[in-house]
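Below: one structure, written as structure tokens.
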Amino acid sequence: MPLKLSLKPGEKFVLNGAVLTNGDKRASLVVQNKASLLRERDIMQREDAVTPARRIYFPIMMMYLEPEGGEEHEEHYTEFAQRMTEFMGAIRDRNALITCVEISREVMSCAYYKALVLCKKLFEFERERLSYDPSGVSKHPADHRKSA
């Protein structure tokens, strides 16, 4: 099934390992056969893999972009397996664990793009757990007694 890709002016994408940039006008491309394709917004640099979920995403992305059977592909798989094991050992949330199992299943089936899409769910899980709203926290420890 063909994939239609609508590109913004200057938008970058990776097609089978080659980095391409759209010109100065909006464009549409149709990819007629199977190819490894990532839009700029889905591409992560190694230095951006700074959270546990992003450390899972990065090696999956690299496996997706690099041909199977190479030494680097195996290194990325080993990194993925290690990061996923660490992540799953540190969380207790049932839905996040289910997502981890689904990601692992897709990686084992070489469905790397599907694994990347699922991995973005872990970004959301992580964002919810690592961020908080400081306005909801009292500035003074004794403030809770005033309303009682």
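The values are calculated or read from the model by the stated rules, or taken from the named source; none is laboratory data. Just so it is clear, the structure is predicted and the values come from calculations on it, not from any experiment. Glycine also receives a Cβ, built like all others from the backbone with ideal geometry; neighbour counts cover every protein chain displayed. Each accessible area value is taken on the protein alone, full model and side chains, heavy atoms only, with ligands, DNA and RNA left out. Shrake-Rupley method; radii C 1.70, N 1.55, O 1.52, S 1.80 Å.
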(Q) In whole Hz and in residue order, list the ³J(HN,Hα) couplings for the range 96-110 that follow from phi through the Karplus curve 6.51 cos²θ - 1.76 cosθ + 1.60, θ = phi - 60°; x for Gly and Pro. (A) 5, 5, 4, 4, 4, 5, 5, 4, 4, 4, 5, 5, 4, 8, 6
Q | Options (1) 15.3; (2) 13.4; (3) 11.8 - which one matches mean projected area of the Cα convex hull in nm² as calculated here | A | (2)
Q. Just the accessible area per residue of the range 24-73, please: how many Å² with a 1.4 Å probe?
A. 63 Å²
Q: With everything on Cα atoms, drop me the angle between helix 71-90 and the longest principal axis of the chain, reported from 0 to 90° to the nearest 10.
A: 20 degrees
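With the full set of protein chains in place, find how many percent of the accessible area of the chain is carbon and sulfur; take the probe as 1.4 Å.
Ligands and nucleic acids excluded, carbon and sulfur give 54 percent.
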Q: Enumerate the amide H contacts of Leu7 below 5 Å, restricted to partners 5 or more residues apart or on another chain; note that Pro and chain-start residues carry no placed amide H.
A: Ala27, Ser28, Leu29
Q. Between the helical axis of 112-130 and the dominant principal axis of the chain, each derived from Cα atoms, what acute angle in degrees is found, rounded to the nearest 10?
A. 20 degrees
Q) Which order do Thr78, Thr99 take by accessible area at a 1.4 Å probe, largest first? A) Thr78, Thr99
Q.
How tilted is helix 52-65 with respect to the longest principal axis of the chain? Cα atoms for both, answer in degrees (0 to 90, nearest 10).
A. 0 degrees
Q) For Arg94 and Arg26, FRET efficiency with R0 = 41 Å and r from the beta-carbon atoms, rounded to 0.05? A) 0.45
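Around Gly10, what is the net charge, scoring Lys/Arg as +1 and Asp/Glu as -1 over all other residues with Cβ under 15 Å from its Cβ?
+3
Around Gly23, what is the net charge, scoring Lys/Arg as +1 and Asp/Glu as -1 over all other residues with Cβ under 15 Å from its Cβ?
Net of charged neighbours comes to +1.
Under unit Cβ charges (Lys, Arg +1; Asp, Glu -1), what dipole magnitude, rounded to 20 debye, does the chain have relative to its Cα centre?
Once rounded to the nearest 20, the dipole reads 840 debye.
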Q: Apply the Karplus parameterisation 6.51 cos²θ - 1.76 cosθ + 1.60, with θ equal to phi minus 60°, to every residue of the range 6-19 and state each ³J(HN,Hα) to the nearest whole Hz, in sequence, with x for glycine and proline.
A: 9, 10, 7, x, x, 5, 9, 8, 10, 10, 6, x, 8, 8
Q) Looking at Ser28, Ile103, Pro52, which one has the Cα that reaches farthest to the positive end of the dipole of the range 1-118 (charges on Cβ: Lys, Arg +1; Asp, Glu -1)? A) Ser28
